[in-house]
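See below for the structure under consideration.
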Amino acid sequence: MADTPETPQVPPEPPASAKPPVPAKPKLDPVEEKLRRPVESPALEALKSALPDAVIESGCYAGEVSVLVPKERIVEVLRFLHDDPRTAFDLLADQTAADYPKRDKRFDIVYHLYSIPRNHRLRVRVRVGDGEALASATAVYHAADWHEREIFDLFGVTFEGHPELKRILLPDEWEGHPLRKEYPLEGFPEQHMRLR
Amino acid sequence: MFRTEMMEINMGPQHPSTHGVLRLALTLDGETIVEVKPIIGYLHRGVEKLAEHKIYVMVPPLCDRLDYVGSASQNLGYLQAVEKLAGIEVPERARYIRTIIAELNRISSHLVWLGTHALDIGAMTVFFYCFREREMILDLFEAFCGARLTTNMFRVGGILEDLPPGWIEGTRRFIDLFPGRIKEYEGLLSANRIWLERTKGVGYISAEEAVNWGMTGPMLRASGVGYDVRKTEPYAAYDQVEFDIPTEKAGDTYARYLVRLEEMRQSERIIRQALDKLPGGEIRAPKLKTRMKPPAGEVYHEVEGPRGVQGFYLVSDGGETPYRCHFRAPSFVNLAAIGVMSRGGLVADIVAVIGTIDIVLGDCDR
C-alpha cells in the first residue's frame, strides 16, 4: 500500500512551564568543592544573634569562617567578641590589611581572633576607603598597638584613638606606603637614604 | 640643693646585647627605668611585598630568612598555609620527617637563646656548651639539605628529598646524649645564686596582660597559660606523638628559662617517638605543578615556632603569585610589651628582659 504522505511532524508546543535550556554549571573540582564547604561556627552564630545588623556578610574557605562588619561598629563588635562568654576571643592573633585598589573602599582591615578557653577562631574584616580613618582596636586589645602602626606605615590607613600612631618599620621621614599595589617593588631611587 | 631629672638614653641599634639591630629609647630615673620605647625597622626588607611578586613555590626562601634561627618552623608554616589554600594532602612519611626537623630546629633555636641570654647576663661558659650541641644539629641539617641555618628543607606537598643514609643514626646519637647535656646547663644555672638574683622577679607580666598584648609561646606559658598550637590545632605529625606543654606560674625571666629548658626535653621526647614510628612511603604529594594556581580564597595558618606563634595569612586571587602574604611575627608582637615588662626595673634588667623575650630581628622587622 502506498505510504500516505504523513503530515509533517510538528514538534509539540513546549508546555508553558518549560524554561529555556540553561548552560550546565561547570562542576567544581572535588578539591575546591571541599575547600568551599561551609562549616558551623558557634562564635558567628553568637555574633549574629547578639548584633544582627553588625554582620554584613559571612563566608567560609578551607574551614575558616570570616565575617564582614561595618567600619563604624568595629570596636563594638570586637568588644562583644572579647567579653561574651560564648565567644571569649581573648587573643588578637593578628591584625593586618590587604589592598584591593579596584574596589571602591580599597583597604580590607582583617582581624584574626582566637579564643584560648574555647579553641575557636574567627576572622573579622572591615572595608576602609583611602583617606578614611578607622577606630583603633587598642581599646579592646593592646596587641593592636603595633599592628596598627604597621598598617599605617605600610598602607596609610589612620586609626583614631591610637596612643601613638607613627611609622614603625620604615624611617619616620619616609614618604609613601609601600604595600599599596601601585607602589613599585623597586621603590623610588631618589628616596633611598643617603649616607651623610 | 639637688635636683633630679630623668635621663633619656639610647641603647642600640649596634649593641652586643640587643641580639640584632634593635634600638631602645630608655627614659631613666637614676638607674630605674621609667619607660622603654623600642624602635625597630633596621632589618626591614619588605618581604611581604616581595612575596607578592613571586610564585608560590619561590616564597619559602624568603620565609626562612624571617626568623633565621628557627627557620624550619617558618618554612613549614608557609608551606602548610599553601597546602591548606590549595587543598593538598601531605603523605605520612613527609609529615613525620617535617616534625622531626621542626623539633630539631626548636632545640637548636633554644640553644642559641640559652647561650646568648646567659652570655648577656654574664655566664659565658654556657654559651660554649650550648653551641657545642648546636653544632651536632647543624651537621645533621647540612647532611640533609646542604645548609646550616636557612635550610629550606620542605617543599609544597612534602619535603625536599628522602633522608640520606646514616641520618637517622646520627639523630639518634644526638638525642641519646642530649638529656645529659641539658643536665649540665641546669647544673650551671638553675641553682646558681647569681642567676637567681638576676632573673627572679625580672620582667614580670601577668597572664591577662600577656594575652591582651597578644603574647604567645614560652612568654605566655611561663605566665601560666598553657596555649600551644601543636596541641590545640595539631599539624604535621604532632597528633601522633605524646608530649607535655611546660608551664610555670611566676611569669618572670626565671620561669621562662625553666619553660624553655623543659621544652628542649619535650622536643627530644617528640623526636624519639617520631623516629620510632617513622613510616615508609612517599615524601611528596603527587601531581603538583610548579606554577600552581590555588583557587581564590584566603587562609590564616599558625604554627608554633620556638619564639611563639607564627602566623601566615595568604590571600589568593586565582593567579600564580599570592595576592597578599602577611607574616605574623612572634618577635614583633612579644617585643611590643617590653615597656610593660621592664617598667620599674633597673637598667641591667633590660638586658635580661631582651634575652628572655628571645627576639630575632629578622622576624620582628620582616
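At-a-glance table
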read-out: Residues satisfying the stated conditions in segment B:79-97, i.e. β-branched (V, I, T) and more than 10 Å from chain A (Cβ to nearest Cβ); value: B:V82, B:V90, B:I97
read-out: Counted residues, segment B:157-167 - those being surrounded by fewer than 18 Cβ atoms within 10 Å (Cβ to Cβ) and in contact with a Pro (Cβ under 7 Å, 6 or more places away or on another chain); value: 0
read-out: In segment B:22-58, the residues that are of a type in the set (V, I, T), touching a residue at least 60 places away in the same chain (Cβ under 8 Å) and more than 12 Å from chain A (Cβ to nearest Cβ); value: B:T32, B:I33, B:V34, B:V36, B:I55, B:V57
read-out: Search result, residues across segment B:230-239 that are in contact (Cβ under 8 Å) with a residue 60 or more places away in the chain and within 11 Å of chain A (Cβ to nearest Cβ); value: B:E233
read-out: Evaluation of A:V128 against (1) over 30 Å from B:G224 (Cα atoms); (2) crowded, with 19+ Cβ neighbours inside 10 Å; (3) within 13 Å of chain B (Cβ to nearest Cβ) (one fails), failing number; value: (3)
read-out: Which numbered condition B:T290 fails, given (1) of a type in the set (V, I, T); (2) farther than 30 Å from B:H110 by Cα; (3) touching a Phe, Trp or Tyr at 6+ places or on another chain (Cβ under 7 Å); value: (3)
read-out: Helices (runs of 4 or more DSSP H) contained entirely in segment B:28-138, each with at least 1 residues that are surrounded by 22 or more Cβ atoms within 10 Å (Cβ to Cβ), on the phi < 0 side of the Ramachandran plot and among the hydroxyl-bearing types (S, T, Y); value: B:71-86, B:92-121
read-out: Test: residue in segment B:300-307 that is of a type in the set (D, E, K, R), out of contact with any Phe, Trp or Tyr (no Cβ under 6 Å at 6 or more places or on another chain), within 14 Å of chain A (Cβ to nearest Cβ) and surrounded by fewer than 18 Cβ atoms within 10 Å (Cβ to Cβ); value: no
read-out: Per-region count, segment B:166-217, residues small (G, A, S) and within 24 Å of B:D120 (Cβ to Cβ); value: 7
read-out: Some residue of segment A:68-87 being under 14 Å from the mean Cα position of the chain (by Cα), within 9 Å of another protein chain (Cβ to nearest Cβ) and either closer than 26 Å to A:R180 by Cβ or not in a strand (DSSP E or B) (or both); value: no
read-out: Close pairs (9 angstrom Cβ cut-off, 6 or more residues apart or separate chains): touching a residue at least 24 places away in the same chain (Cβ under 8 Å) and more than 9 Å from chain A (Cβ to nearest Cβ) in segment B:313-333, part of a strand (DSSP E or B) and of a type in the set (D, E) anywhere; value: B:L314/B:E298; B:S316/B:E298
read-out: Residue tally, condition within 11 Å of chain B (Cβ to nearest Cβ) and under 20 Å from A:E182 (Cα atoms), over segment A:131-154; value: 4
read-out: Residues located in segment B:1-27, provided they are crowded, with 17+ Cβ neighbours inside 10 Å and not in a strand (DSSP E or B); value: B:G12, B:P13, B:S17, B:T18, B:H19, B:G20, B:V21, B:L22
read-out: Options B:F312, B:F332: the member that is over 30 Å from B:D176 (Cα atoms), modelled with pLDDT of 90 or more and out of contact with any strand residue (DSSP E or B) (no Cβ under 8 Å at 6 or more places or on another chain); value: B:F332
read-out: Qualifying position, being more than 19 Å from B:Y323 (Cβ to Cβ) and at pLDDT 90 or above, among A:L51, A:L92, A:L68; value: A:L92
read-out: 2 or more residues free of Cβ contacts under 8 Å to residues at least 24 places away in the same chain and not small (G, A, S): qualifying helices (runs of 4 or more DSSP H) within segment B:169-229; value: B:193-199, B:207-212
read-out: Residue list for segment B:55-91, restricted to those being of a type in the set (K, R) and over 27 Å from A:P30 (Cα atoms); value: B:R65
read-out: Count - residues of segment B:83-107 that are of a type in the set (G, A, S) and out of contact with any Leu (no Cβ under 7 Å at 6 or more places or on another chain); value: 2
read-out: Test for B:F154: is it more than 30 Å from B:P286 (Cβ to Cβ), within 20 Å of the chain's Cα centre (by Cα) and buried (at least 18 other Cβ atoms within 10 Å of the Cβ); value: no
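One line per residue, one yes/no per condition, for (1) at pLDDT below 90; (2) surrounded by fewer than 21 Cβ atoms within 10 Å (Cβ to Cβ); (3) of a type in the set (S, T, N, Q):
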{"position": "B:E169", "(1), (2), (3)": "no, yes, no"}
{"position": "B:G180", "(1), (2), (3)": "no, yes, no"}
{"position": "B:A236", "(1), (2), (3)": "yes, no, no"}
{"position": "B:Y254", "(1), (2), (3)": "no, no, no"}
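The values are calculated or read from the model by the stated rules, or taken from the named source; none is laboratory data. Keep in mind the model is a prediction, meaning the values are calculated, not measured. All Cβ positions, glycine included, derive from the backbone under ideal geometry; neighbour counts span all protein chains shown.
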